[in-house]
Ligand code: AMP
Ligand code: FE
Ligand code: FE
Ligand code: ZN
């Protein structure tokens, strides 16, 4: 039995509904799916039902945006208690920051002569946790960019003219919040940061695991992070980071994590 523990739906910047995602998971022969939308757990209950209907084990999750000394890191939280009131409050704050940021980015684009409105973006996003990909989609559909990637390269990524920084929790605050919600805190896609120096301090702050298996990790990277996991005594996780069909072929199942890793996670949660 295999798992994919890094997945997005339209509750953040993915395109699938929970039902579509669970169905793609079934087609891939996956036995466990975790939903990890950006800064929201809004899709988790619906995804739990969609998985149950297909005999798939569901793991509640969230991909938290945090920072360590100004550097943005994504933390995956797994086995979260969806009723934890502090979790709900903190996610609401992150979502408010995201919504305000949409207005700021759109106003920058307007100053660059690009005539789109915040409502264009919020209509496309249609969720509590909007992000830059939703702005990118509007830039593409309105003919300002040829692709989502071009919208990031030209306007949206850090250092480009419409980039706006985003206030976020610190990594220790994020780890503490995940623990308060009864979950495991895992650093997402460490190979994308080129900043292995952050791992030591995160472990010091209580990090539980590391996403070694990831679509954009080379075999050498995976082996490197497996070695670090062993060195620091971290739990190993993996997932595809599927966002649906907005980035070409759906990635779900591109990573197939053996079930023994999920068992290891479960035994760590229950202690
Ligand atoms: P935000 O959450 O608003 O900071 O936007 C970050 C999200 O944008 C990431 O989670 C990715 O899903 C997506 N993203 C980042 N870079 C690109 C890119 N070059 N093309 C498409 N999507 C991207
Ligand atoms: Fe994303
Ligand atoms: Fe991420
Ligand atoms: Zn992700």
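Please compute the length gained on full extension between residue 267 and residue 119, using 0.36 nm multiplied by the number of residues separating them and subtracting their Cα-Cα distance. Don't skip to the end; give the middle numbers.
Values: separation 148, 0.36 × 148 = 53.28 nm, distance 4.52 nm.
Extra length available between residue 267 and residue 119 comes to 48.8 nm.
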Computed from the beta carbon distance with a Förster radius of 51 Å, FRET efficiency for residue 196 and residue 112 to the nearest 0.05 stands at 0.90
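When ranked by the protection proxy of mean other Cβ atoms within 10 Å per residue, highest first, what sequence do the peptides 1-12, 234-245, 95-106 form?
Going from most to least packed, we get 1-12, 234-245, 95-106.
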Relative contact order in percent for the chain (Cα pairs under 8 Å, 6+ apart) equals 23 percent
Relative contact order in percent for segment 91-156 (Cα pairs under 8 Å, 6+ apart) equals 28 percent
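For residue 96 and residue 179 in one chain, what is 0.36 nm times their gap in residues minus the Cα-Cα distance, to one decimal in nm? Can you show the working numbers first?
On the way: separation 83, 0.36 × 83 = 29.88 nm, distance 2.26 nm.
Residue separation times 0.36 nm, minus the Cα-Cα distance, leaves 27.6 nm.
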The rounded separation in angstrom of the Cα centers of segment 1-53 and segment 224-271 is 14 Å
Once the mean of 1/r over all distinct C-alpha pairs in the chain is inverted, the Kirkwood radius in Å reads 18.8 Å
Per residue convex hull volume, Cα only, segment 33-184, in Å³ is 115 Å³
Rounded to whole Å, √(5λ) for the Cα gyration tensor eigenvalues of segment 189-263, largest first, gives 23, 14, 11
Between residue 126 and residue 260, the FRET efficiency computed from the C-beta separation at R0 = 45 Å comes out, to the nearest 0.05, as 0.70
Under the helix-only model (-39500 (n - 2.57) for each DSSP H run of 4 or more, divided by the residues of the chain), the mean residue ellipticity at 222 nm, to 500 deg cm²/dmol, is -12000 deg cm²/dmol
Across all Cα atoms of segment 91-156, Rg and the largest Cα-Cα distance (Dmax), in Å, are 11.2, 33
What the 10 Å binned alpha carbon P(r) of segment 137-271 shows, as percent of pairs per bin from 0, is 11, 32, 33, 19, 5, 0
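Values quoted throughout were computed directly from the atomic coordinates according to the rules given, and no laboratory measurement underlies them. It should be emphasised that the depicted structure is a prediction, and the values quoted were computed from it without experimental measurement. With ideal geometry, Cβ positions are generated from the backbone for all residues, glycine too; neighbour counts draw on all protein chains shown.
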